[in-house]
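Structure, as structure tokens:
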Amino acid sequence: MKKVYLITGGAGFIGSSLADSLLTKGHQIIVIDNFNNYYNPALKRENVSPHLKDPNYKLYESDICDEKMMEKIFTENHIDYIVHLAAKAGVRPSLEDPIGYAMSNLIGTNIILEQAHKHNIKKLVLASSSSVYGKNEKMPFSEVDNVDKAISPYAASKKSNEVLAHVYHEIYHLNIILLRFFTVYGPRQRPDLAINRFVSALEEDRPIDLYGDGTSFRDYTFIDDIVSGIEASIKYLEDHESVYEIINLGSNSPIKLKEMVQIIERVMDKKAKFNHLPMQAGDVEGTYADISKAARLLNYKPSISFEDGIKEFLKWKRRTNK
Ligand SMILES: NC(=O)c1ccc[n+]([C@@H]2O[C@H](COP(=O)([O-])OP(=O)(O)OC[C@H]3O[C@@H](n4cnc5c(N)ncnc54)[C@H](O)[C@@H]3O)[C@@H](O)[C@H]2O)c1
């Protein structure tokens, strides 16, 4: 049956990919996005441009921190589900702009939760992040691990969202799934993320800025798997009562930075040159997702190898000239 989804941050990388999938299935989509300049907003305009022609799609160019505007949007639309993705999303920039991160990620999330409560919208999926695990040494990272030791303002904002969401679940009985995404990549990937930066550098024969000695590692997750995981979370909310769950969405297959570069070199048939730099404050050494909970609750199963995912990304990048 046709449902109405509110996607905050729906012009961004993950949100616009989710909108693609939900529109194809005939659902109605409302997007709130402020097209901020964290990266070139023209890329976000291109993400939404195919959607704008769809009669099932409505875009509000607005900041989630604008309470009056949020009240208007929530009053004039009937919403079945909220997928809250709007956030300042990078780790390193959060050290330069901690207050901006607190506004978008803490106050913004509080406003969305409050509107959901006031307008009796009971089913929400919220974006959390693998960065909440900080320097966790126990591998793979499990949802039951302690995550009290954030090492960046961004990570602290995501952990705070998890805590705040629990309040709204406990007091107002909102059903909420918080998804801890692990480094998402694929078509439309944010230009600030490593894979995109490395591919651009290689295409233009520039040296790659390589932080650390190449042994740091990430559990990369292909965008289609993230979209499937979000949709499976909505299904879980439809089928269950009284839900508050935190779930890792990763690939359970970490890749070292130097291996990642080798795979990109192989796929592009080019040799990289390096500009070696020290590890950055706020960056974690490694991420590694235990995805057994996602498998159990959501029937989640990553679908694509890292090398094939890189091929898909490269095809998109060359086709769109991004
Ligand atoms: N991409 C990843 O690897 C990754 C990993 C972990 C968590 N996440 C989380 O997933 C979500 C989506 O990330 P993404 O990679 O698609 O990032 P993105 O920057 O491409 O998308 C976020 C969107 O939110 C919008 N936005 C930001 N602040 C806003 C505000 N105050 N009001 C309205 N709109 C606002 C931005 O304009 C942008 O279009 C974020 O919450 C991010 O923290 C992403």
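Give 111, 64, 82 a once-over and let me know the one that is within 16 Å of the ligand (Cβ to nearest atom), under 30 Å from residue 25 (Cβ atoms) and touching a Ser or Thr at 6+ places or on another chain (Cβ under 6 Å).
None of the other options fit; the residue is 64.
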Q.
I need the full set of residues from the stretch 284-303 which are farther than 17 Å from residue 143 by Cα and crowded, with 16+ Cβ neighbours inside 10 Å, in order please.
A. 284, 302
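Rundown of residues vs (1) surrounded by 20 or more Cβ atoms within 10 Å (Cβ to Cβ); (2) among the hydroxyl-bearing types (Ser, Thr, Tyr); (3) without any contact (Cβ under 8 Å) to a residue 40 or more places away in the chain, yes/no style:
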residue: 185; (1), (2), (3): yes, yes, no
residue: 197; (1), (2), (3): no, no, yes
residue: 204; (1), (2), (3): no, no, yes
residue: 214; (1), (2), (3): no, no, no
Q.
Take residues that are under 18 Å from residue 180 (Cα atoms) and of a type in the set (Phe, Trp, Tyr) and tell me which of the helices (runs of 4 or more DSSP H) falling wholly in the stretch 75-169 contain 1 or more.
A. 98-101
Q | Residues that are over 30 Å from residue 153 (Cα atoms) and not in a helix (DSSP H, G or I), drawn from the stretch 276-322 | A | 299, 301, 303, 304, 305, 321
Q) Identify, please: which residue in the stretch 1-31 is more than 20 Å from residue 116 (Cβ to Cβ) and more than 9 Å from the ligand (Cβ to nearest atom) and is, among those, most open to solvent (accessible area, probe 1.4 Å)? A) 1
Q) Looking only at residues in the stretch 160-174 that are buried (at least 21 other Cβ atoms within 10 Å of the Cβ) and touching a residue at least 60 places away in the same chain (Cβ under 8 Å), which one is farthest from residue 320 (Cα to Cα)? A) 174
(Q) Please go through the stretch 225-257 and give me each residue that is open to solvent by 50 Å² or more (accessible area, probe 1.4 Å), farther than 19 Å from residue 132 by Cα and part of a loop (DSSP other than H, G, I, E, B), ordered by number. (A) 240, 241, 242
Q. What is the number of the single condition among (1) within 13 Å of the ligand (Cβ to nearest atom); (2) open to solvent by less than 60 Å² (accessible area, probe 1.4 Å); (3) not in a strand (DSSP E or B) that residue 54 does not meet?
A. (1)
Q. Which one is least open to solvent (accessible area, probe 1.4 Å), of the residues in the stretch 304-322 that are touching a helix residue (DSSP H, G or I) at 6+ places or on another chain (Cβ under 6 Å) and closer than 15 Å to residue 251 by Cα?
A. 310
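The values are calculated or read from the model by the stated rules, or taken from the named source; none is laboratory data. Source: prediction; values computed, not measured. Cβ atoms come from the backbone with ideal geometry, glycine included; neighbour counts cover every protein chain shown. SASA here: full protein model, heavy atoms, side chains in, ligands and nucleic acids out. Shrake-Rupley method; radii C 1.70, N 1.55, O 1.52, S 1.80 Å.
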